Amino acid sequence: MHCHRPIACCFECCIKCLGGVPYASLVATILCFSGVALFCGCGHVALAGTVAILEQHFSTNTSDHALLSEVIQLMQYVIYGIASFFFLYGIILLAEGFYTTSAVKELHGEFKTTACGRCISGMFVFLTYVLGVAWLGVFGFSAVPVFMFYNIWSTCEVIKSPPTNGTTGVEQICVDVRQYGIIPWNAFPGKICGSALENICNTNEFYMSYHLFIVACAGAGATVIALIHFLMILSSNWAYLKDASKMQAYQDIKAKEEQELQDIQSRSKEQLNSYT
């Protein structure tokens with residue numbers, strides 16, 4: 001149909017296109033990208049800062065923290081893989097949201113569901129559930145360095161303002177990172193006390209690593225929320241496809257019965273005409 005008012009037609013087209021946007025999937029995708037970006041970016045930098053703190057203050061012998069350095073380097077490579085995977089996976093889930101949005105039917109004509117499409121939608125539900133459980137573990141694991149850095153920071157705060165009625169000297173207030181299991185017990189010095197510990201807390205490496213680990217933990221939590229959001233959306237979309245499949249089968253049976261009825265009526269008319 002030819003449009004005599006281009007501005008009105010353009011407005012109607014924009015409204016129709018905006019109606020085809022899966023806003024729930026779009027919000028979940030943005031939240032997922034933001035959470036993964038915060039976790040990967042801040043976690044990568046914070047791990048590098050942690051290695052620098054350990055090498056400079058808690059483990060001066062390279063052989064003592066060689067295994068830890070390799071593990072941290074491996075974790076940094078894993079972060080690269082996580083960022084790449086979730087970038088692609090988020091785009092795929094967003095595309096799946098467009099596919100199952102009801103407005104897509106109006107844009108592209110009659111909507112046909114297939115067994116393959118329903119199977120893929122169900123596979124996304126299962127995979128997102130598995131990823132959500134895995135990210136719960138990542139969220140818990142990312143809270144461990146926050147807890148460690150918080151303990152060191154709170155100890156430094158005690159050193160800065162020691163209790164007036166306490167009997168413990170400032171130089172006897174220590175932090176031993178060997179008890180966390182990240183470096184062996186024979187690492188030297190392994191334990192830092194008093195003013196030396198306070199100086200560590202005042203370094204840029206400690207300040208940045210502590211706050212970056214907090215942001216990385218928050219990013220992991222945001223990713224968990226995004227995956228839960230995706231799981232609800234995908235479950236709803238799968239139910240929609242299932243109902244659409246049943247409706248499509250019903251319409252096919254109904255069309256077949258109407259066609260058979262028309263054939264019977266046409267044959268009856270032909271026989272009646274032959275008798276007359």
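The values are calculated or read from the model by the stated rules, or taken from the named source; none is laboratory data. Small disclaimer: the values here were computed from a predicted structure and weren't measured. Accessible surface is based on the protein model in full, side chains and every heavy atom, while ligands, DNA and RNA are left aside. Shrake-Rupley method; radii C 1.70, N 1.55, O 1.52, S 1.80 Å.
Key figures for this structure:
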| quantity | calculated |
| --- | --- |
| Other-chain or far-sequence residues with amide H under 5 Å of ILE182's (modelled H) | none |
| Estimated vicinal HN-Hα couplings, Hz - segment 119-129 in sequence order (Karplus 6.51, -1.76, 1.60; Gly, Pro = x) | 5, 5, 4, x, 5, 5, 4, 5, 5, 5, 5 |
| Vicinal HN-Hα couplings computed from phi for segment 173-184 (Karplus, 6.51 cos²θ - 1.76 cosθ + 1.60; Hz; Gly/Pro x) | 8, 10, 10, 10, 6, 5, 5, 7, x, 7, 10, x |
| Accessible surface, 1.4 Å probe, highest first, among residues CYS119, CYS193 | CYS119, CYS193 |
| Å³ per residue enclosed by the Cα convex hull of segment 124-237 | 126 |
| Amide H partners (placed H, <5 Å) of ASN61, local residues excluded | PHE188 |
| For ILE173, residues with placed amide H under 5 Å, excluding near neighbours | GLY194 |
| Accessible-area ranking of GLU198, GLU70, GLU258, largest first, probe 1.4 Å | GLU70, GLU258, GLU198 |
